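Comments concern the structure below.
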Amino acid sequence: MKIATLSFELRNTEMALTGEQRVEIITDIIKKHKPELLLCAGWAVETDQDLVNLASKCKSVGSTTTTLVEVKHALKGNHGFPSSHKMNVITDSNSIVELGRQYFASSGELNSDNAEELVRNLENNIKNRMFKVNEYNCIALCCGELNII
């Protein structure tokens, strides 16, 4: 399977490029390199509208790439669990599948009173993180979820 990865520059708490610029770069990579799976690290797109625009652009270029992207501001507000960040897959047929919001935990939080709840929430939602790329079954985890595992 041909897998590509992509990460964008973060400056302090904001991305160096606009959401629109990132959508264009993702689309260009799909057009030029035609990966079967494109994994976009971190806040690949800024808003749900950017996600819709990306799926539309993928469709317009005839993409068959499955693209994993995280939306930064799916909900406005502070981090918590679940956080405002959510993962999505744009399938090889260019439809959007929501994989769910990120459950974030620092290693210190796993020694707190909330630890059991963090683990339980992630375990209850892990089934929503599965998707297929061709004949392969995939599962996605995001950032601080690795601390929970």
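Over the C-alpha atoms of the chain, what are the Rg and the largest Cα-to-Cα span, Dmax, in Å?
Radius of gyration, then largest Cα-Cα span, for the chain: 15.5, 49 Å.
Among the lysines, which have Cα under 24 Å from the Cα of residue 34 when same-chain residues fewer than 8 positions away are ignored?
2, 57, 59, 132
What number comes out for the charge environment of residue 100, summing +1 per Lys or Arg and -1 per Asp or Glu over other residues with Cβ under 10 Å away?
Details: positive: 86, 101, 127, 129; negative: 98.
It works out to a net charge of +3.
Which net charge results for the neighbourhood of residue 5, defined as the other residues with beta-carbon distances under 14 angstrom from its beta-carbon, given Lys and Arg at +1 and Asp and Glu at -1? Could the numbers behind the result be given before it?
Working: positive: 2; negative: 36, 70.
Charge balance near residue 5 sits at -1.
In the range 102-149, which GluC sites (Glu not before Pro) are in a loop and have at most 11 other Cβ atoms within 10 Å, using DSSP for the loop call?
Working: sites: 109, 116, 117, 123, 135, 145; in loops: 135.
For GluC sites (Glu not before Pro) across the range 102-149 that sit outside H, G, I, E and B with at most 11 neighbouring Cβ atoms in 10 Å, the list reads 135.
Amide H of residue 66 versus every other amide H placed in the peptide plane: which residues, excluding those fewer than 5 positions away on the same chain, fall under 5 Å?
Amide H to amide H, under 5 Å and 5 or more residues apart or across chains, residue 66 pairs with 37, 38.
Just to be sure I follow: if Rg is taken over the C-alpha atoms of the range 1-62 and Rh is the Kirkwood radius over the same atoms, what is Rg/Rh?
Dividing the radius of gyration by the Kirkwood radius yields 0.96.
Could you check which residue among 91, 66, 18 shows the biggest mean-square fluctuation in a GNM of the chain with a 10 Å Cα cutoff?
Evaluated over the chain, the most mobile residue of the options is 18.
Would you calculate the separation in nanometres between label points at residue 110 and residue 5, each defined as 7 Å from the Cα along the Cα-to-beta-carbon direction?
According to this spin-label approximation, the distance is 2.0 nm.
With label points built 7 Å along Cα→Cβ from the Cα atoms of residue 64 and residue 13, find their separation and express it in nm.
Distance between label points: 4.4 nm.
Need the list of lysines near residue 72 for cross-linking: C-alpha distance under 18 angstrom, and skip anything on the same chain fewer than eight residues off.
86
Quick check for me: using +1 on Lys/Arg Cβ and -1 on Asp/Glu Cβ, what's the dipole size of the chain about its Cα centre, in debye to the nearest 20? Don't skip to the answer; put the middle values down first.
Working: 16 positive and 19 negative charges, 103 e Å.
For the chain, the charge dipole is close to 500 debye.
Would you mind telling me the antiparallel percentage of the DSSP bridges in the chain, rounded to 5?
Values: 16 of 24 bridges.
Percent antiparallel among DSSP bridges in the chain is about 65.
Which one, 107, 118, 18, is farthest towards the positive end of the dipole of the chain when Lys and Arg carry +1 and Asp and Glu -1 on their Cβ?
Projecting each Cα onto the dipole axis, the largest value belongs to 18.
Could you check how much of the accessible area of the chain is carbon and sulfur, as a whole percent, using a 1.4 Å probe?
After summing per-atom areas, the C and S share lands at 50 percent.
So what's the net charge close to residue 68: Lys and Arg +1, Asp and Glu -1, counting the other residues with Cβ under 13 Å from its Cβ? Write out the running numbers ahead of the final one.
Values: positive: 86, 129, 132; negative: 36, 70, 92, 98.
Once all neighbours under 13 Å are counted, the net charge is -1.
Provide the gained length on full extension for the span residue 20 to residue 36, in nm with one decimal, where the gain is 0.36 nm per separating residue minus the Cα-Cα distance. Intermediate values should be presented prior to the final figure.
On the way: separation 16, 0.36 × 16 = 5.76 nm, distance 2.29 nm.
Once the chain is fully extended between residue 20 and residue 36, it gains 3.5 nm.
Mind grabbing the accessible area of residue 120 for me, 1.4 Å probe, Å², rounded to tens?
My reading of the accessible area for residue 120 is about 120 Å².
The values are calculated or read from the model by the stated rules, or taken from the named source; none is laboratory data. Since the model is a prediction, treat every value here as computed from it, not as a measurement. Positions of Cβ are generated from backbone atoms using ideal geometry, with glycine treated the same way; all protein chains shown enter the neighbour counts. Areas reflect the complete protein model, heavy atoms only, side chains present, ligands, DNA and RNA absent. Shrake-Rupley method; radii C 1.70, N 1.55, O 1.52, S 1.80 Å.
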